[in-house]
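J.: Before I ask anything, here is the structure I am working with.
The values are calculated or read from the model by the stated rules, or taken from the named source; none is laboratory data. Everything numeric in this text was worked out from a predicted model, so none of it was measured. Cβ sites come from the backbone with ideal geometry, for glycine too, and all protein chains shown count toward neighbours.
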Amino acid sequence: MRLPFGIEKLDSALGGGLDRDTVNLITGRSGIGKTILAAHWAAQGAKDGRTVVYIATTIGRKSCESYLGKMKFMEDVYHKINWRFVRIEAKYLLPLTPEKLEESTVSTIGMKPSEVDMIIFDSITDMDKALADPVLYRLALRYLSRLCYKNDITALFVEEAPMKGEWSETKNIAESVIFLDLLRVPEGYQRALRILKKYRTAHPLEFIPFEITDEGIKIKEGRYIRKDYEFVFRGEE
Ligand SMILES: Nc1ncnc2c1ncn2[C@@H]1O[C@H](COP(=O)(O)OP(=O)(O)O)[C@@H](O)[C@H]1O
Ligand SMILES: [Mg+2]
């Protein structure tokens, strides 16, 4: 069972969408399109009659409504999504135990977790900042994942990729990872996404170009690959 984004070419590259009852990740730098992509997934889920919870830490109720609420793909479904606008603070998480995290998350969700089909955490980077410790952060993500698996919730984490330095370990926890990036191309810059990982699916390895309009994310024609390469095939002697 797959849960689609409602973006045809992306869904087909993913083999139909995100696998049900898995934990998934969208990562990329600020302003690249992570929230809009996650919102597509939420909208499609609501359209399909699923119970969707969107936990938003980077945007307030009003700006969300005037931003995502106005996008074409949100038409008729914006109010079917259970939006939760929260600020993550260390005191809600510490001392970090599975029980404490579960309690905070369930109270944020505001309904029985067993009634939820899909959940979006946008963004978990705010949890990283609140905990300010990579080991605690990794643990928190494991507890969060466990809560989702236990309740048959399909989860989508949104995480900001660092401008430089080490990436977090979230991509190791997730069963699929979609990386959004800005490519330097001869014509200037191009938004593109790359499926870094997707269990059980033979997915494209190239960058898939996209643009953002009032209608949301539109996948463009063609693929991008790096201009230079390190290896060439020789065949057998
Ligand atoms: N209506 C629109 N038309 C064209 N581009 C838009 C529109 N709305 C947002 N964008 C682009 O999307 C970017 C923000 O996307 P978002 O998903 O919020 O990013 P983030 O990765 O930080 O979550 C903006 O910086 C802008 O470039
Ligand atoms: Mg965002």
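J.: Looking at Arg223, Arg194, can you tell me which residue is modelled with pLDDT of 95 or more, surrounded by 14 or more Cβ atoms within 10 Å (Cβ to Cβ) and under 17 Å from the mean Cα position of the chain (by Cα)?
T.: Step by step, each of Arg223, Arg194 is checked, and only Arg194 is modelled with pLDDT of 95 or more, surrounded by 14 or more Cβ atoms within 10 Å (Cβ to Cβ) and under 17 Å from the mean Cα position of the chain (by Cα).
J.: So which residues in the stretch 43-65 are in contact (Cβ under 8 Å) with a residue 40 or more places away in the chain, touching a Gly at 6+ places or on another chain (Cβ under 7 Å) and either within 19 Å of Gly33 (Cα to Cα) or within 12 Å of ligand 2 (Cβ to nearest atom) (or both)?
T.: The one that is in contact (Cβ under 8 Å) with a residue 40 or more places away in the chain, touching a Gly at 6+ places or on another chain (Cβ under 7 Å) and either within 19 Å of Gly33 (Cα to Cα) or within 12 Å of ligand 2 (Cβ to nearest atom) (or both): Gln44.
J.: Hey, another quick one. Please go through (1) surrounded by fewer than 17 Cβ atoms within 10 Å (Cβ to Cβ); (2) in a strand (DSSP E or B); (3) touching a residue at least 12 places away in the same chain (Cβ under 8 Å) for Arg200 and return the number of the only condition it doesn't satisfy.
T.: Arg200 satisfies all of (1) surrounded by fewer than 17 Cβ atoms within 10 Å (Cβ to Cβ); (2) in a strand (DSSP E or B); (3) touching a residue at least 12 places away in the same chain (Cβ under 8 Å) except (2).
J.: Tell me whether the stretch 162-177 contains one or more residues that are at pLDDT below 95, surrounded by 13 or more Cβ atoms within 10 Å (Cβ to Cβ), under 26 Å from Asp11 (Cβ atoms) and within 16 Å of ligand 2 (Cβ to nearest atom).
T.: yes
J.: Also, quick follow-up: Which condition number in (1) over 21 Å from Arg2 (Cβ atoms); (2) within 19 Å of the chain's Cα centre (by Cα) is the one that Pro204 fails?
T.: All conditions pass for Pro204, except number (1).
J.: Could you check how many residues of the stretch 1-41 are among the polar types (S, T, N, Q) and not in a strand (DSSP E or B)?
T.: Going through the stretch 1-41 one residue at a time, the tally reaches 4.
J.: From the residues in the stretch 14-42 that are surrounded by fewer than 21 Cβ atoms within 10 Å (Cβ to Cβ) and basic (Lys, Arg), which one is farthest from ligand 2 (Cβ to nearest atom)?
T.: Arg20
J.: Would you mind stating whether Glu159 is within 16 Å of ligand 2 (Cβ to nearest atom), in contact (Cβ under 8 Å) with a residue 40 or more places away in the chain and either closer than 30 Å to Ile225 by Cα or more than 18 Å from the chain's Cα centre (by Cα) (or both)?
T.: yes
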